[in-house]
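*Asks:* I have a structure here, written as structure tokens, and I will follow up with some questions on it.
The values are calculated or read from the model by the stated rules, or taken from the named source; none is laboratory data. Source: prediction; values computed, not measured. Neighbour counts are summed over all protein chains in view; Cβ atoms, including those assigned to glycine, are modelled from backbone coordinates with ideal geometry. Ligands, DNA and RNA are stripped out before the accessible areas are found, and what is left, the full protein with its side chains, is counted by its heavy atoms. Shrake-Rupley method; radii C 1.70, N 1.55, O 1.52, S 1.80 Å.
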Amino acid sequence: MGSEMCIRDSCMIELNQKDARRIGRGSFSDVYRSRDNRVFKVYKQSLITGGITSDAVQELSALRSLSHPNVLKLLNVHQVKDGGLVAELESLQGSLDQFCSTDYLLENEKRLLVMFDVASGLEYLHSKRVLHRDLKPANVLVDDCLRAKIADFGQTRPWIPGRANTLDVCTPLYSACLLYTSYAADEEERLDLG
């Protein structure tokens, strides 16, 4: 990533490769951690329109409207000089996927606490009529105390009764099996805990 200038509280923040390392990559954004442990999500510009993608706008809108201990917190949004956006996010240790892929083994009690955190976050999202649609270990972040927080809201959409199912946005390995049956989409799509 080349040097990007962001405006935040009337001071300039420079993000560049020498003081930030990439910790995640997605289809419409990359995530960086700065030397001072701040986390930034840099949204890529659309190749078609040259602007921010609708998924990025959807994610930022969802994050801005949500506030729960088990949902990733959006701290600030910066506009860079080329018209792009950089979101400053709550800093956490890593994803549940990273914890599961290392030799780090959780005791059963801690596993249950992580599951409870995810379920609590989902209950909150569903109470706000928000469908995550891509819940998987890579999209669950954990802090120092193993408190889980749901992240990556790029595939999020509002739950509207009667709206048709869209199977093309989720990760099939982690989706609810009911999505692939002939049942109506209304309630089954809300089953993020596949």
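*Asks:* Taking the condition of being open to solvent by less than 30 Å² (accessible area, probe 1.4 Å) and under 13 Å from the mean Cα position of the chain (by Cα), how many residues in the stretch 75-90 meet it?
*Replies:* 3
*Asks:* Looking at this structure, is residue 14 among the charged types (D, E, K, R) and modelled with pLDDT under 85?
*Replies:* So residue 14 fits the description; yes.
*Asks:* Tell me, please, whether a residue that is open to solvent by 60 Å² or more (accessible area, probe 1.4 Å), on the phi > 0 side of the Ramachandran plot and either at pLDDT 85 or above or not in a helix (DSSP H, G or I) (or both) can be found in the stretch 20-41.
*Replies:* yes
*Asks:* Still on this model: Within the stretch 79-93, how many residues are over 11 Å from residue 39 (Cα atoms) and either in contact with a Phe, Trp or Tyr (Cβ under 8 Å, 6 or more places away or on another chain) or small (Gly, Ala, Ser) (or both)?
*Replies:* 3
*Asks:* Of everything in the stretch 91-117 that's modelled with pLDDT under 85 and assigned to a loop (DSSP other than H, G, I, E, B), which residue is least open to solvent (accessible area, probe 1.4 Å)?
*Replies:* 106
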